[in-house]
Amino acid sequence: MAALESPLPGTPTAMRNAFGNVLSVLILVLIGVLAFSIRLFSVIKYESVIHEFDPYFNYRVTQFLSKNGIYEFWNWFDDRTWYPLGRVIGGTVYPGLTLTAGTIWWGLNSLNIPLSVETVCVFTAPVFSAFASWATYLLTKEVKGSGAGLAAAALLAMVPSYISRSVAGSYDNEAVAIFALIFTFYLYIKTLNTGSLFYATLNALAYFYMVCSWGGYTFIINLIPMHVLLCIVTGRYSPRLYIAYAPLVVLGTLLAALVPVVGFNAVLTSEHFASFLVFIIIHVVALVYYIKGILSPKMFKVAVTLVVSIGMVVCFIVVAILVALVASSPTGGWSGRSLSLLDPTYASKYIPIIASVSEHQPPTWPSYFMDINVLAFLVPAGIIACFSPLSDASSFVVLYIVMSVYFSGVMVRLMLVLAPAACIMSGIALSQAFDVFTGSIKYQLGASSNSTDDAEDNTSTNNAPKDDVSAGKTDKGEEIVKERSSKKGKKKEREPADKPSVKAKIKKKALVLPLEASIVALLLLIMLGAFYVIHCVWAAAEAYSAPSIVLTSQSRDGLHVFDDFRESYAWLSHNTDVDDKVASWWDYGYQTTAMANRTVIVDNNTWNNTHIATVGTAMSSPEKAAWEIFNSLDVKYVLVVFGGLIGYPSDDINKFLWMVRIGGGVFPHIKEADYLRDGQYRIDSEATPTMLNSLMYKLSYYRFVETDGKGYDRVRRTEIGKKHFKLTHFEEVFTSHHWMVRLYKLKPPRNRIRGKAKKLKSKTSSGLSSKSAKKNPWV
Amino acid sequence: MIDDQDLGFIANFLGIFIFALVIAYHYVTADPKYEAT
């Protein structure tokens with residue numbers, strides 16, 4: 001293996017490698033700079049602010065952590081959410097992101113760099129995007145060499161799918177989790193290639209970090225066992241595979257159980273069972289290989305027959321017990337989100353709270369083009385490149401892309417898991433193409449001048465793989481492939497170096513393309529790359545940088561800024577008592593606690609379906625029934641988001657059917673059909689009386705007719721059905737500048753003495769029953 | 001102060017420049033003698 005030996009210093013190969021290394025370091029630095037800077041549009045176009053909903057909760061937790069320390073954080077019981085239940089934050093949150101940002105903040109302050117917690121939180125995601133790009137380089141380098149690694153890292157630095165979750169201000173778990181995911185995969189492949197227990201331990205630690213960061217860790221703990229199983233089935237078992245897998249399962253599971261939110265789930269829930277099953281299988285296979293080594297072939301055959309027949313019976317019994325155990329649990333042993341992965345229609349059928357989240361819907365075809373752009377066309381080429389030649393590492397990335405394509409088809413949120421796989425595959429494809437074209441150009445340019453040198457170097461290069469252009473480079477993937485090659489291949493290697501086969505000669509000559517064709521092809525590839533870059537920058541600047549908390553619109557008069565959310569939360573914070581409870585749909589729970597510091601009934605954690613259904617029912621009920629529900633929950637204020645005036649489509653009226661469905665799931669008297677006219681959702685004069693009398697309708701459209709005289713809803717593009725009405729149990733206390741947020745206060749119940757007097761009066765005059773009078777003390 | 005158009009230009013330039021550098025890397029590390037057999 002002459003090609004794998006380190007070249008002598010001063011030789012052209014050594015110079016080439018040295019120059020290549022310097023260039024790759026430069027490229028990696030620039031990739032880091034690009035990954036960071038492309039995510040700054042949100043800060044430059046808007047301001048340095050935390051985005052959307054979940055990041056506000058993470059920010060609040062980080063603030064608590066930096067203020068009170070880690071022990072207080074673990075024991076934190078938050079009584080400001082899920083009133084009156086509260087929430088144990090330390091035990092129910094994935095702490096990876098907050099601990100990371102908290103550590104960065106602490107480190108910077110220790111170095112006398114006084115950044116605020118908010119600033120650290122805003123810039124955590126862009127920093128980790130740079131890390132993720134570098135991790136992609138390492139992973140792809142293990143699979144197909146440095147060239148592919150650089151191409152993949154460059155693609156990942158700006159892939160829109162990842163940008164959508166990691167712009168500055170998008171302080172969510174995925175920001176660090178994607179880095180952890182890629183880095184865990186890198187360490188797995190590194191262990192697989194080297195067989196080093198050191199890397200295996202690091203792999204378990206990286207997996208631990210991933211478990212700390214995101215619930216998506218179950219993807220890792222299912223994908224790696226699948227790959228191990230694939231290797232075993234295809235006869236690729238090796239001690240390296242054992243070292244890569246067994247410590248990960250043992251150490252990784254122990255470490256995962258240390259994370260409070262996971263705890264014993266690491267061994268009890270069926271998402272983790274695949275890893276244990278494969279753990280058993282790999283031990284059986286290892287034992288078989290060991291016995292095969294010490295027994296004669298004849299004895300081995302007898303032993304196999306005996307063990308297989310006994311093993312089949314035992315396996316059958318174990319599988320039967322497992323199936324019975326899994327089937328006996330309420331959800332069949334699988335959590336709702338996982339079940340909806342296997343059966344895409346599961347959530348929409350059975351769990352409206354999962355189906356109601358837009359990111360849990362299946363993606364459309366255009367969203368693939370928007371989110372991964374040209375990568376969608378390069379991926380097939382990358383898969384083909386992975387098969388020539390197929391190694392353990394390349395089979396892993398093929399499995400990764402296949403699984404992530406499937407999962408991304410189920411849930412649009414999982415496009416995020418697909419993006420790194422698509423970048424790796426596309427990087428491999430591009431690198432293979434670059435290799436052919438640059439190699440051809442270099443050969444054609446150097447052929448005339450260096451023709452005399454070629455003959456003498458033939459002996460050192462003939463041993464390189466015959467069908468791989470990049471084989472001159474000393475990448476590990478090749479080494480492994482060669483070690484695993486069949487006996488036939490080994491015989492070939494032993495052939496005298498000065499007698500290359502005719503077939504190999506033909507193949508090598510075919511790889512050299514004409515100079516002009518190579519240059520044109522490279523220019524076309526640069527154009528393709530430029531198209532990708534321009535699309536990514538456009539997506540980062542225009543599509544994915546809006547913080548959702550501040551909205552803008554461009555009109556003929558210039559830029560309009562809608563800052564209604566912050567205006568309303570500030571009003572709440574300044575004009576209400578600190579212990580007042582605010583009810584809203586769960587989307588706005590995190591923001592209300594983080595920005596207004598008021599107690600909410602439900603929030604984005606969505607852990608208690610009944611509680612959310614109670615709020616949904618209140619919103620769907622007539623005013624009086626809603627008042628009773630809210631009053632029983634000690635609610636003082638109700639917040640609704642309304643977009644009808646300015647045309648903001650993500651308002652509560654558009655989410656209302658989900659409130660009805662979720663409410664109806666627990667309280668059967670709420671029926672979706674009552675809110676639909678002939679199966680259509682309407683708010684105009686054709687709307688059903690139930691719809692027009694629902695609290696949500698009334699709170700959204702109260703006094704709306706005063707704005708334009710007609711009550712024209714710009715989102716639904718129609719005039720509203722019920723224009724003039726009064727509220728009996730609620731009073732309007734605040735409406736934001738553009739009417740996006742409306743706050744209502746629950747009226748106090750009428751004085752009981754007056755009610756009594758009324759009752760007496762009515763008894764004497766009309767003879768109404770005392771029962772009905774009692775039921776309605778407010779009127 | 002940098003505005004979003006400047007950042008857009010910088011990001012576009014940097015992205016395309018990185019692509020060119022990756023091609024340059026492949027060119028530098030390509031082994032012409034291997035191809036010459």
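Read the figures in this text as sums done on the coordinates, not as results from a lab. Quick caveat, the model's predicted, so the values are computed rather than measured. As a convention, Cβ positions derive from the backbone with ideal geometry for all residues, glycine included, and neighbour counts pool all protein chains shown.
Hey, can you grab everything whose amide H is under 5 Å from the amide H of A:L513? Only 5+ residues off in sequence or another chain; H modelled, so Pro and N-termini drop out.
Residues meeting the criterion, in which the H sits 1.01 Å from N, are A:S440.
Given a Förster distance of 30 Å, report the FRET efficiency between A:D684 and A:S573 from their Cβ-Cβ distance, rounded to the nearest 0.05.
0.25
How big is the Rg/Rh ratio for region A:65-124, C-alpha atoms only, Rh by Kirkwood, two decimals?
With Rg and the Kirkwood Rh in hand, the quotient comes to 1.05.
When DSSP beta bridges are limited to those with both residues in region A:559-744, what percentage is antiparallel, rounded to the nearest 5?
In region A:559-744, approximately 75 percent of DSSP beta bridges are antiparallel ones.
Given the Cα-Cα distance of A:L523 and A:K745 and 0.36 nm per residue of separation, how much length would full extension add, in nm?
Additional length available on full extension: 73.4 nm.
Which entries of A:K722/A:K745; A:K698/A:K745; A:K581/A:K723; A:K144/A:K190; A:K624/A:K698 have Cα-Cα distances beyond 18 Å here?
A:K722/A:K745; A:K581/A:K723
Go through region A:279-290 residue by residue and turn each phi into a ³J(HN,Hα) via Karplus (6.51, -1.76, 1.60, θ = phi - 60°); whole Hz please, and just put x for glycine and proline.
4, 5, 4, 5, 5, 4, 5, 4, 5, 4, 5, 5
What are the ³J(HN,Hα) couplings of region A:420-434, residue after residue, when phi is run through the Karplus curve with 6.51, -1.76, 1.60 and θ = phi - 60°? Round to Hz, x for glycine and proline.
Coupling constants for region A:420-434: x, 5, 5, 5, 5, 5, 5, x, 5, 4, 4, 4, 4, 5, 4 Hz.
Using θ = phi - 60° and the Karplus form 6.51 cos²θ - 1.76 cosθ + 1.60, what ³J(HN,Hα) does each residue of region A:638-648 get, whole Hz, x for Gly and Pro?
Result, rounded to whole Hz: 10, 10, 10, 9, 10, x, x, 6, 9, x, 8.
Cα centroid distance between region A:665-708 and region A:567-638, in Å?
Taking the Cα centre of each part, region A:665-708 and region A:567-638 sit 20 Å apart.
How far apart, in nanometres, would the label points at A:D79 and A:I317 be if each is projected 7 angstrom from Cα along the Cα-to-Cβ direction?
Result for the modelled spin labels: 5.5 nm.
For the pair A:L230 and A:Y289, how long in nm is the line joining their label points, each one 7 Å along Cα→Cβ?
Roughly 1.8 nm, to one decimal.
Between A:T364 and B:M1, what FRET efficiency comes out of the Förster formula 1/(1 + (r/R0)^6) with R0 = 30 Å and r the beta carbon distance, rounded to 0.05?
Plugging the Cβ-Cβ distance into 1/(1 + (r/R0)^6) gives 0.20.
Expressed as cubic angstrom per residue, what is the convex hull volume of the alpha carbon set of region A:559-744?
Output value, Cα hull per residue: 114 Å³.
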